[in-house]
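First comes the structure, then the notes that go with it.
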Amino acid sequence: MRQWQTLVKKELIASFRDKKWIWVPLVLILLAVMDPVSNYYLPQILESVGGLPDGAVFEMPEVTASDAIAMSMGQLSSLGVLIFVLISMGTIAGERKSGVAELILVKPISYTTYIMSKWTGLLALVLVSYVISMLFAWYYIGLLYAFIPAGNFIFLLFFYGLWFILVATLSIFYNTVFNSPGLVAFGTIATITVLSVITSLFGQKLNYSPSNLSNHALNYLQTGEIQGALIGSAVTTIIISALLLVWSIYIFQTKEHAS
């Protein structure tokens, strides 16, 4: 336990020295508030650039607070995920390539402790950045549109956060599979893309897919009802994340023994 705490502390300090604890939350905040704020001020923006041609009519669709938070989630699901993948692609692969991992494992540190510390350190950065960005989005959406009830927002925050836990775990998994950070990033993004495409093609049959977490969570926000599909997607995401974590430890241990 003490070794795990020491390694986690090392990961957190390394992220702080790389200023990830500053720029990652800031970038995510920008992504989360950009679309809701831009949509709200769109008429003023059009007016400031000269307005519409004579006779043209532009009717803004009515945007609710749920629609606005969906905009924020859409940005985090695309660009936010890309940022998380980029900051995590060298978490283990980079250390294996440089020989740092080998030096650490020479000490009496288990493979499980090493992988779990990497996962915990990455997850801390990902989830803290995610929560901060969503809190800013919630606040600005409340000022511009309407405040989402705190209880409902926390519920949404929890279930949607499971998706980012899966993304972080998937990145750790590919870090154990590949030695190249570039291949780690490619494998993670490709897997997420394929999962999203398959889910969209077979939506009814894959209703419990992790890719449906955001849709089910937004549906709860609009209806106020906890549906079985949301719980099913959450459970599926947790199980897949746990299996990937166990598989990561096995692959890493096997490769290190082989080398």
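The values are calculated or read from the model by the stated rules, or taken from the named source; none is laboratory data. Just so you know, these numbers come straight off a predicted model, no measurement behind them. Here Cβ is always computed from backbone atoms with ideal geometry, including for glycine, and neighbour counts include all displayed protein chains.
Observations on the structure shown:
- One residue from V63, V100 being over 30 Å from G187 (Cα atoms), over 20 Å from the mean Cα position of the chain (by Cα) and modelled with pLDDT under 90: V63
- Some residue of the range 154-175 being assigned to a helix (DSSP H, G or I), among the β-branched types (V, I, T) and more than 18 Å from I87 (Cβ to Cβ): yes
Each row is one residue, and each column tells you yes or no for (1) under 21 Å from M73 (Cβ atoms); (2) among the β-branched types (V, I, T); (3) modelled with pLDDT under 90; (4) surrounded by 14 or more Cβ atoms within 10 Å (Cβ to Cβ).
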| site | (1), (2), (3), (4) |
| --- | --- |
| S211 | yes, no, no, yes |
| I226 | yes, yes, yes, no |
| S233 | yes, no, no, yes |
| L245 | no, no, no, yes |
| K255 | no, no, yes, yes |
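- Yes/no for T199 being surrounded by 18 or more Cβ atoms within 10 Å (Cβ to Cβ), β-branched (V, I, T) and without any contact (Cβ under 8 Å) to a residue 24 or more places away in the chain: yes
- The residues of the range 15-33 that are touching a helix residue (DSSP H, G or I) at 6+ places or on another chain (Cβ under 8 Å) and closer than 26 Å to Y114 by Cβ, listed by number, are S15, K20, W21, V24.
- Test: residue in the range 115-131 that is closer than 30 Å to P61 by Cα and either of a type in the set (S, T, N, Q) or assigned to a helix (DSSP H, G or I) (or both): yes
- Just one residue in the set I198, I148, I165, I154 is on the phi < 0 side of the Ramachandran plot and in contact with a Phe, Trp or Tyr (Cβ under 8 Å, 6 or more places away or on another chain); that residue is I148.
- Residue selected from the range 157-185 under the condition in contact (Cβ under 8 Å) with a residue 12 or more places away in the chain and aromatic (F, W, Y), by the criterion surrounded by the fewest Cβ atoms within 10 Å (Cβ to Cβ): F178
- Criterion: modelled with pLDDT under 95 and surrounded by 22 or more Cβ atoms within 10 Å (Cβ to Cβ) - qualifying residue of M89, M134, M116: M89
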